[in-house]
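To start, the structure itself, in structure tokens.
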Amino acid sequence: MPRRKPDILEVIEPQYYVDVVLSEDRLNGSGRLVGKVNERTANIRNIIADIKKDRKCIMSEDTLFYAAQVLGAAYFERLRRGFAVDILGLGKLYHALDGTFVSDHDVPSKRPKIVPRFTPSKAVAAGCEKLKCRNLYKSDVSPRICAVEGLPRGADGEVAAQSLVMVSGSNIKVAGEGAGVFFVPKAGGEAVAIPPEKIWKNFPRSLEFCVPDDVTPGAYDLEVRTRWSRSDRVKKEMCCASAEIVVTGKRRMAE
């Protein structure tokens, strides 16, 4: 009796790991955390390059890419005609109804929407079970100031009056109502805001602006207040990052 040819998915058992990022569940609240696998996406060019590097393949990369395009077009054509398609043993791509619908008649007057669905094969499901979680960490989306530097450069933590200031950090892009950069006096008193048009560089990892004329020499907390989020959506709550600085009386820029 001839031996069954093994499925290629059955003999490849890589020992790989994934990282999981935890973030706050903003939909349900209650301080719950939701996890998301932090993974990269491999396109067909990456996969073909790995095939040529790791395996003895007599076909050129262009030939493999052309074959992949032909297969992809054939799969799409079958799906367009209403077929379910088995994708190279990885799973089945098929059609399903989008949600549910209710009708008072035997034949609904409104036609349901058809959407694609995918069911992984048993081999793929078994392979994913062998993946291990390497790192489990909470996503830090709060703004943070790493360094404040004045130009021309002076002592650490010091900036000259009317000089250019460069701030580096994470999630410090100024956005949203009430957001801005403020000099808050250590000795008490009203904070001095940087006019928005004077913030010349406004990025998630860097800010650039000039010390306002009405900031007198002394010790301050440099505060960055923002509602910015990584999705470029404005958050409801205001977040703040601060750093201690000293404004000196030496003016480094011309009037």
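Answer yes if at least one residue in the range 153-168 is surrounded by fewer than 13 Cβ atoms within 10 Å (Cβ to Cβ) and either out of contact with any Asp or Glu (no Cβ under 6 Å at 6 or more places or on another chain) or over 30 Å from Ala96 (Cβ atoms) (or both), and no otherwise.
The answer is yes, given that some residue of the range 153-168 is surrounded by fewer than 13 Cβ atoms within 10 Å (Cβ to Cβ) and either out of contact with any Asp or Glu (no Cβ under 6 Å at 6 or more places or on another chain) or over 30 Å from Ala96 (Cβ atoms) (or both).
Return yes when Ser242 is in a strand (DSSP E or B), under 21 Å from Pro143 (Cα atoms), free of Cβ contacts under 8 Å to residues at least 40 places away in the same chain and not hydrophobic (A, V, I, L, M, F, W, C) and no when it is not.
Taking the combined requirement at face value, the residue does not satisfy it.
Sort out for me the strands (runs of 3 or more DSSP E) sitting completely within the range 151-224 that have 1 or more residues that are at negative phi and in contact (Cβ under 8 Å) with a residue 40 or more places away in the chain.
158-161, 164-170, 180-185, 206-210
Among the residues of the range 121-149, write down those that are touching a Ser or Thr at 6+ places or on another chain (Cβ under 9 Å) and either at pLDDT below 85 or surrounded by fewer than 10 Cβ atoms within 10 Å (Cβ to Cβ) (or both).
Result: Lys138, Ser139, Asp140, Val141, Ser142.
The values are calculated or read from the model by the stated rules, or taken from the named source; none is laboratory data. Just so we're clear, the structure is a prediction, and the values are computed from it rather than from any experiment. Methodologically, a virtual Cβ is constructed for each residue, glycine included, from the backbone with ideal geometry; neighbour enumeration extends over all protein chains shown.
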